[in-house]
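The values are calculated or read from the model by the stated rules, or taken from the named source; none is laboratory data. The shown structure was predicted, so the numbers you read here are calculated from the model rather than taken from an experiment. Note that we place each Cβ from the backbone using ideal geometry, even for glycine, and neighbour counts take in every protein chain shown.
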Amino acid sequence: MYEGPIQTLIDELGRLPGIGPKSAQRIAFHLLNSDRDEVERLATALREVVDKVKFCDICFNVSEDTTCRVCRDPRRDQASICVVEESKDVAAIERTREFRGLYHVLGGAISPIDHVGPEDLHIAELLRRLSSPVVTEVILATDPNLEGEATATYLTRLLGPTGITVSRLASGLPVGGDLEFADEITLGRAFSGRRAVGV
């Protein structure tokens, strides 16, 4: 549609997840109309991400060093490992300040339609970590969707013989939500995860 660098930029932006052709075009023209300093800051940030950020050798979380800040922290509970799909999930859980253990980032979820099988994820590395007698619990915190459920089910079966306690994050109705708008899976989870309340 456009020619030269502007079309190249639109095409590259459009390849990013969640950015369609119209959003890519809007961002491209925003950058075109921005101050040079603003665009240079963005370009520098992109270069630094490519040059400096890597994945932790232990848990595969994003890090600037060979091991991430969570794995380096001696105050973390070494007995429990929370398994997540992506590094952004680690950040989400850390924001709650509820979990003080370690993490393991799978790098995705099992998805036959996308040709992602167990061998494409960091499952072998997880099993190596679980050979340590210190680890007593694995918390499965994969997404509550079809792929996340398939991954959690696979890991539950795989880890069963290890004797390590395997738990799954509870899921159910969001605070402030209405029952009539809840899907069947969410409502079913809410029922199966119900707990007694005191009088």
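In table form, for the structure just shown:
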{"read-out": "Test: residue in the range 81-95 that is over 11 Å from the mean Cα position of the chain (by Cα) and hydroxyl-bearing (Ser, Thr, Tyr)", "value": "no"}
{"read-out": "Any hit, the range 91-113, residues being at positive phi and at pLDDT 95 or above", "value": "yes"}
{"read-out": "Matching residues in the range 86-108 - criterion: being closer than 12 Å to residue 169 by Cβ and either without any contact (Cβ under 8 Å) to a residue 40 or more places away in the chain or part of a loop (DSSP other than H, G, I, E, B) (or both)", "value": "92, 96, 98, 99"}
{"read-out": "Some residue of the range 38-54 being within 30 Å of residue 165 (Cβ to Cβ) and either of a type in the set (D, E, K, R) or not in a loop (DSSP other than H, G, I, E, B) (or both)", "value": "no"}
{"read-out": "First in the range 157-175 and without any contact (Cβ under 8 Å) to a residue 12 or more places away in the chain, second anywhere and assigned to a loop (DSSP other than H, G, I, E, B) and not acidic (Asp, Glu), Cβ under 9 Å, 6 or more apart", "value": "174/182"}
{"read-out": "The range 100-152, residues that are touching a Leu at 6+ places or on another chain (Cβ under 8 Å), small (Gly, Ala, Ser) and crowded, with 18+ Cβ neighbours inside 10 Å", "value": "109, 141, 152"}
{"read-out": "Which listed residue, of 168, 157, 189, is at pLDDT below 75 and among the charged types (D, E, K, R)", "value": "189"}
